[in-house]
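S.K.: The structure's right below; bear with me while I get my questions together.
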Amino acid sequence: VGLLAPVGLALFGLAVPLVLLYLLKQKRQDRVVPSTMLWAKVLSDIQARHPFQRLRANLLLLLQLLVLALLALAVARPVVRSSAREAKAVAVVLDATASMTARGPGGRPRFEEARAAARELVKNLAPQDRAMVVVAGRAARTAKALTDAKEELLRAIDAARPEEARGETRDAVLLAASALKPFGAAGEVHVFGDGGGGELPSAGETGVAVRFHAAGAPGENVGVTGLDLVRGKDGRVEVFATVENSGAGAARRFATLVSGGKPVATRELRLAARSEEPVVFREALAPGKLEVRLDGSDALACDDAAYAVLLPPEPLAVGIVGRSHAALERALRMAGDVVLYAAAPDAASFKDDPRYRLVIYDGYDGPPPAGAGAAAPLGPTRAAEPLGPALPDRPTVVFGPRRSLPGVRVLAEVDGPEITGVERDHPLFRFVEPSGIAIARARPLSLDGPGRAILRSDRGVLAVESRARRDPLVVIGMDLRESSFAAEEAFPVFVLNILHMARRQGGSLAPERIQAGEPLGVRVSAEGGEGEAALVRPSGERVVRRARGGRADFLETTEVGFYEVSADGKTATVAASLLDRDETRIEPRAPVDSAGAVLATEAPIVAANREVWRWLALAALLALVVEAWAYHRRL
Amino acid sequence: VSAALFDAAFLRRLEMLSLVSRKVFAGKTRGERRSTRRGGSVEFADYRQYAAGDDFRAIDWNAYARLEHLFLKLFVEEEDLAVHVLLDASASMAFGDEEPETPGARRAAGGAPPAKKLELGKRLAAAIAYCALAGYDRAGVWAIGGAAPPEPLTPLLRGKGRIRRIFDALTALAPREGAGSFNAAVRSFVERRPKSGVVVVISDLLDPAGIEEGVKRLRYGPFEPRVIHVLSPEELHPGVGGDHRLIDSEAAAAPVEVSLDARAVRLYQERLREWLGGIEGLCRQHGVGYARVSSDTAVEDVVLRALRAAQMVA
C-alpha cells in the first residue's frame, strides 16, 4: 500500500480538536427529576468541577475518530499493489506531433487517449518509482524531470499540448534514455503515440527498454502534403499542390485556391484509397496571402489547408564560384526567374553588389591561377580571393570544400561513404531522397558552432547547415563530380530547395514560408542587431523577443496559418503549413527502430495500483451512518 | 379519584377483601376484629372468679358443680380496627407521567399508559380505605411529605357510605411544596396520638436521610405499619441519551450534571438495586409488610396481586 498524496494525512490532525471537544464539559440541558439522590451517589465523578472531564471509552467518539481517520486516509489517496518490487525509473514520452490531433470516431483527439494512458501509467507507479515526462513535438522537450512526485508528473502530462507540426519521436526517446541510463535495467521508456514521428532508436542506442503504447484508431484523412509557387514568364503564377488520401476508402474533395481571402479557382479531386494527386492552378495572382484549402472535414484538420505568401516578382541573382557543374547550372536555369553570375570569391564584391541573393561554391579549390578562368564567364568576374572566413553575407552553399569554413570543420577525405540517414524535415531535403546516391570520395564534416547535421553516412556527416553567422551556410561534403548526386532525379528538386531557401532569407525580414514548427529567424538591424522583434501567431497570441547577433529566433510556430512578424519598423507575413506525408498518414502503426525491429504494442495499462480512496470514503460514510444511528439509539 | 374509576366489579372484590392485621388492637366500637377487650362474642377467652356485681348469666355452673366455686366465663370482644393511610404527596410523587423516552423503557413499563405516582397513590389509598370501611373498620387518610407537617385529610371514618368523603379529600389533594423528611413526618404523626391500628404508608421513599427511624417508630409503637413503595418507570428504567443537568424536584440536593450514556445508566441501576434491597431488607428485618409497585401498574393489579402477595390483604 502506498500513498499518492501523503500530505492528506494531516487531515487527521482534526482529531485533536475533536477529542478536546469531548474533554470539555458539554453544555447540558436542564431536566427536573423526582430525586437526584441516586444520581448523586453514582455519578460523583461526573460532578467534578474541572473544565475537562476524564476521557472515557465513548462509542460516538470512537466512531467519529474512525470517520476522521478514514477521510484522512482517503484524501491521502492510497494505492494498493499486488506485490512489492524494486524501484523503477520511467520516462513517459508523449507524441505531440500533428497526427496526434486527429480525432477518433467519438471526436476525441488521440492525444487525449495517449494522455489518459500516460496518466494511468504514472498513477500505477509504486511510491519508490521515479518518472519523467518528455513531450515529443517538433523538438523534444522535458516537461518534467525525474521525480517521485506523482502529482507533479500528472500535472506535467495534463499541461502537454499537441502541435500542428511534424516531429521526430526518436530525439525524445534518446533524450529520455540519456536521463535513464544510470538506472540500467530499472529504466524504461514508455512511448505514447500513434507510431508516427519516424523510426525510434534501437535498443543498442538507448541502453534502456523502450515500450510503445498505441493510441488512436484508423480514420479517413485527406490532406495537402505539398505546395510550391512558380511565377511564369507570362506573369501568371503556377501553384502546385499535392493532395494525399491516406484513408482506406476513395475520397472526392474540392481544392480551392484562395488569394487575399477570396476564392480564385476550384478543382475537383477524386482520390483512390492511399493515393495522392497533384493539383495545379495557373492564375494571375496579386502578391499576398495564398491558401489551398480542401472542403469538408476529416480526422485531421491541420492538413486540410496549405498556406503561402506570394512575393512581388523579382529575379533571383545567383553567383557561382568555382568550376560550376553543368547539371547545377541547368537546374538553376530550369527554375526560371534566376539570373546566374560567375562570381569571384571576393567577399567584398558581394557586399558591394546587392544583386547576389545566393552564392554557390562548386568545385572551388582555392584562389584560381591567374588567368586560368575557373568557370565559364556567365557574368562579371572579379579578382579572386581565397575561400576563407570572409564568406559573403548572403545565403551560401558550398559543395566539396577542401578546407574548414566558419563553424564547420572539414575532416580528412574518405572513400566510398554510404548514406545512412537524412533530416527529412530540413527544407533543403524536402522531397529529396538521397539514399541512392553513389559517392566515390567525400570529406566528412563536423560542426564547430550552432547548426544542424542534415545528411549522415557510415563515415560521418556529409551535409550540415551552420548557424554560426546570420545568413545560413550549407556545406555539402562531396564534390558533385565525385558522386552521382548531380545525375539523380532528386538533384533539380534539391536545387529548387536551395533557391527557395535563398528567396526566403535573401535580404528580407523573414522567410515568407516555413513548415509548421520550424524555427522562424527574423533579421533585426536595430540597436546594432540587438533590437526587439515581435511575432503574432494565427491564434492572435503575440510574442516579443530580443535579437542577438542580428537575429531573433521564434520557436512558437507550432500552429498552421499566417504569422505576422515585425522588426525594425517593418512587418512581414509568414505562412506556416504542415505539408508532411508522415503526419497526414494518420493510420496508427507499430513503430520501427533504427535496427529495423518492429516494436510490440503494449497491452492497455491496467490499473494494477488501484486507488482505494473511493472505498475509504464509502466506509467513512457508513461509519457516519452508524454514528448517527448510535446517537439516536443513545448507545 | 372518584368512585367511577373503580368499577362495580372491583368494588365488589374490594368488599370481599380484608386488611390483615397480625396485632390485636383495642377498638372503639363493635366490629369484626378481635379486640384486647373481653366482650360478648361467642369465642371463649378465659375464666375469672365471680365478684359481686358480675352478670350471673356468665357464671359457669358446671364448674361450680365440680369445684363449688363461682367462675365467670369470659368471651373475646370483637371491635373495629383503625386503619391510617399515610399518603406521600411530596413533589417527587408528582412524577411518573412522562412518556418513556425509549422503546426499552416502554417495554419495561409493560406497555401500560404512564401514570403519576401520586395518582396511583391516591387510588391505592382509596382502595385500602374502602376495603377497611367495607370490613366494618375505621379508616382515615393523612397527607405527608413536603415541607409541611402531616395533615389528616379525613378523620377516622366508619361505614361504606363515608367513602365518598375520602374520595373527595383525595381528589382535592395537591402535591405539597418543599422538601421534607419521612422520619420527621412519622414522628409528627405519632406525636398527634392517633388511634392505634394499621398504618399503611404509600410513598416513593426518596429521602436522602433514609426511612429507618420512621419505620421503627411505627413498628415499635402502637401501630402495625405497612409500606407500599411506589416508583415510576423512568426511575426504575431511566432512558439513555443526552447530556443533562438533573434538578431535584424537591430542591433537596444540588443539581447533578450527567451524561446519560449506557455506562451511567448501568451504574444508576446498580445503585437503585442496592437502595431497593436496603429498604426491603429493613422492612423484612422488622416484620413490616412491604410491596413495591410501578406507577404505571393498574390499581386493581396492585391490590389484587401485589398487596395479596405481600399479605397486606386477604
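S.K.: Looking only at segment B:190-222, count every residue that is in a loop (DSSP other than H, G, I, E, B), in contact (Cβ under 8 Å) with a residue 12 or more places away in the chain, out of contact with any helix residue (DSSP H, G or I) (no Cβ under 7 Å at 6 or more places or on another chain) and on the phi > 0 side of the Ramachandran plot and tell me the total.
M.R.: Final tally of qualifying residues: 1.
S.K.: Here's something else I'd like to know. Spot the failing condition for B:A254; the list is (1) facing chain A (nearest Cβ under 9 Å); (2) under 21 Å from A:Y22 (Cβ atoms); (3) surrounded by fewer than 19 Cβ atoms within 10 Å (Cβ to Cβ), and only one is missed.
M.R.: It fails just one condition, (2).
S.K.: Right, here's the next one. Against the conditions (1) in a strand (DSSP E or B); (2) within 17 Å of A:R394 (Cβ to Cβ); (3) of a type in the set (A, V, I, L, M, F, W, C), where does A:L332 fall short? Just the number, please.
M.R.: Of (1) in a strand (DSSP E or B); (2) within 17 Å of A:R394 (Cβ to Cβ); (3) of a type in the set (A, V, I, L, M, F, W, C), only one is false for A:L332: (1).
Matching residues to (1) outside any helix (DSSP H, G or I); (2) at pLDDT below 90; (3) hydroxyl-bearing (S, T, Y):
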| residue | (1), (2), (3) |
| --- | --- |
| A:R503 | no, yes, no |
| A:A510 | yes, yes, no |
| A:G517 | yes, yes, no |
| A:V522 | yes, yes, no |
| A:A534 | yes, no, no |
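S.K.: Spot the failing condition for B:S249; the list is (1) closer than 27 Å to B:P150 by Cα; (2) away from every other protein chain (no Cβ under 12 Å), and only one is missed.
M.R.: (2)
S.K.: Would it be correct to say that A:T101 is of a type in the set (V, I, T), farther than 24 Å from A:I586 by Cα and either surrounded by 17 or more Cβ atoms within 10 Å (Cβ to Cβ) or under 23 Å from the mean Cα position of the chain (by Cα) (or both)? Give the derivation first.
M.R.: Numbers: of a type in the set (V, I, T): yes; farther than 24 Å from A:I586 by Cα: no; either surrounded by 17 or more Cβ atoms within 10 Å (Cβ to Cβ) or under 23 Å from the mean Cα position of the chain (by Cα) (or both): yes.
The answer is no for A:T101.
S.K.: Something else: For segment B:281-311, how many residues meet the condition of being buried (at least 16 other Cβ atoms within 10 Å of the Cβ), over 22 Å from B:A8 (Cα atoms) and in contact with a strand residue (DSSP E or B) (Cβ under 8 Å, 6 or more places away or on another chain)?
M.R.: 10
S.K.: B:E235 - would you say it is among the acidic types (D, E), farther than 21 Å from B:G121 by Cβ and not in a strand (DSSP E or B)?
M.R.: Details: among the acidic types (D, E): yes; farther than 21 Å from B:G121 by Cβ: no; not in a strand (DSSP E or B): yes.
The answer is no for B:E235.
S.K.: Take the conditions at positive phi and within 10 Å of another protein chain (Cβ to nearest Cβ) and apply them to B:G241. Does it pass?
M.R.: Working: at positive phi: yes; within 10 Å of another protein chain (Cβ to nearest Cβ): yes.
Against the criterion (at positive phi and within 10 Å of another protein chain (Cβ to nearest Cβ)), B:G241 qualifies.
S.K.: Would you point out the residue of segment A:554-576, among those that are closer than 12 Å to A:L535 by Cα and small (G, A, S), that is surrounded by the most Cβ atoms within 10 Å (Cβ to Cβ)?
M.R.: Here the answer is A:A567.
S.K.: So, one more: From the list A:G195, A:G184, A:G204, A:G216, pick out the single residue that is in a loop (DSSP other than H, G, I, E, B) and more than 18 Å from A:C302 (Cα to Cα).
M.R.: Numbers: A:G184 fails: in a loop (DSSP other than H, G, I, E, B); A:G204 fails: in a loop (DSSP other than H, G, I, E, B); A:G216 fails: more than 18 Å from A:C302 (Cα to Cα).
The conditions single out A:G195.
S.K.: In segment B:153-164, how many residues are at pLDDT 90 or above and either buried (at least 23 other Cβ atoms within 10 Å of the Cβ) or more than 13 Å from B:A89 (Cβ to Cβ) (or both)? Talk me through it step by step, then tell me what you get.
M.R.: Going through segment B:153-164, the residues at pLDDT 90 or above turn out to be B:153-155.
The next check asks that each one be either buried (at least 23 other Cβ atoms within 10 Å of the Cβ) or more than 13 Å from B:A89 (Cβ to Cβ) (or both); those that pass are B:154-155.
Qualifying residue count for the region: 2.
S.K.: How many residues does segment A:171-194 contain that are surrounded by 24 or more Cβ atoms within 10 Å (Cβ to Cβ) and more than 26 Å from A:A590 (Cβ to Cβ)?
M.R.: Adding up the residues that qualify gives 0.
S.K.: Report, ordered by the first and then the second residue, all pairs with beta carbons closer than 7 Å, sequence separation of six or more or different chains, a first member in segment A:485-499 that is polar (S, T, N, Q), and a second member that is crowded, with 21+ Cβ neighbours inside 10 Å and in a helix (DSSP H, G or I).
M.R.: From residues that are polar (S, T, N, Q), the pairs are A:N497/A:L428.
S.K.: Being at pLDDT 90 or above and either under 26 Å from A:D303 (Cα atoms) or acidic (D, E) (or both) is the filter here, so list the residues in segment A:161-179 that pass it.
M.R.: The answer is A:R161, A:P162, A:E163, A:E164, A:A165, A:A172, A:V173.
S.K.: Identify the residue in segment B:257-292 that is over 20 Å from A:T36 (Cα atoms) and aliphatic (A, V, I, L, M) and, among all such residues, is farthest from the other protein chains (Cβ to nearest Cβ).
M.R.: Residue satisfying both the conditions and the ranking: B:V288.
S.K.: Sticking with this structure for a sec: State yes or no: is A:I454 touching a strand residue (DSSP E or B) at 6+ places or on another chain (Cβ under 6 Å) and not in a strand (DSSP E or B)?
M.R.: Numbers: touching a strand residue (DSSP E or B) at 6+ places or on another chain (Cβ under 6 Å): yes; not in a strand (DSSP E or B): no.
Taking the combined requirement at face value, the residue does not satisfy it.
S.K.: Out of the residues in segment A:136-170 that are in contact with a Gly (Cβ under 9 Å, 6 or more places away or on another chain) and assigned to a helix (DSSP H, G or I), which is surrounded by the most Cβ atoms within 10 Å (Cβ to Cβ)?
M.R.: Ranking the qualifying residues of segment A:136-170, first place goes to A:T169.
S.K.: Ok, one more. Within the set of pairs 6 or more residues apart or between chains, which connect a residue that is free of Cβ contacts under 8 Å to residues at least 60 places away in the same chain inside segment B:224-243 to a residue that is of a type in the set (S, T, Y) with Cβ atoms less than 8 Å apart?
M.R.: Matching pairs, first to second residue: B:G242/B:S259; B:D243/B:S259.
S.K.: Which one of these is within 14 Å of chain A (Cβ to nearest Cβ) and not aromatic (F, W, Y): B:V186, B:V230, B:V198?
M.R.: Working: B:V186 fails: within 14 Å of chain A (Cβ to nearest Cβ); B:V198 fails: within 14 Å of chain A (Cβ to nearest Cβ).
The match here is B:V230.
S.K.: A further question follows. Return yes when A:R441 is under 24 Å from the mean Cα position of the chain (by Cα), surrounded by fewer than 18 Cβ atoms within 10 Å (Cβ to Cβ) and among the basic types (K, R) and no when it is not. It would help to see each step written out before you state the result.
M.R.: Values: under 24 Å from the mean Cα position of the chain (by Cα): no; surrounded by fewer than 18 Cβ atoms within 10 Å (Cβ to Cβ): yes; among the basic types (K, R): yes.
So A:R441 does not fit the description; no.
S.K.: Do we have B:A306 as in contact with a Ser or Thr (Cβ under 9 Å, 6 or more places away or on another chain), within 14 Å of chain A (Cβ to nearest Cβ) and not basic (K, R) here?
M.R.: Numbers: in contact with a Ser or Thr (Cβ under 9 Å, 6 or more places away or on another chain): yes; within 14 Å of chain A (Cβ to nearest Cβ): no; not basic (K, R): yes.
Spelling it out, it is not the case that B:A306 is in contact with a Ser or Thr (Cβ under 9 Å, 6 or more places away or on another chain), within 14 Å of chain A (Cβ to nearest Cβ) and not basic (K, R).
The values are calculated or read from the model by the stated rules, or taken from the named source; none is laboratory data. All values reported here derive from a predicted model rather than from experimental measurement. Every residue, glycine as well, gets a Cβ built from its backbone with ideal geometry; the counts of neighbours run over all protein chains shown.
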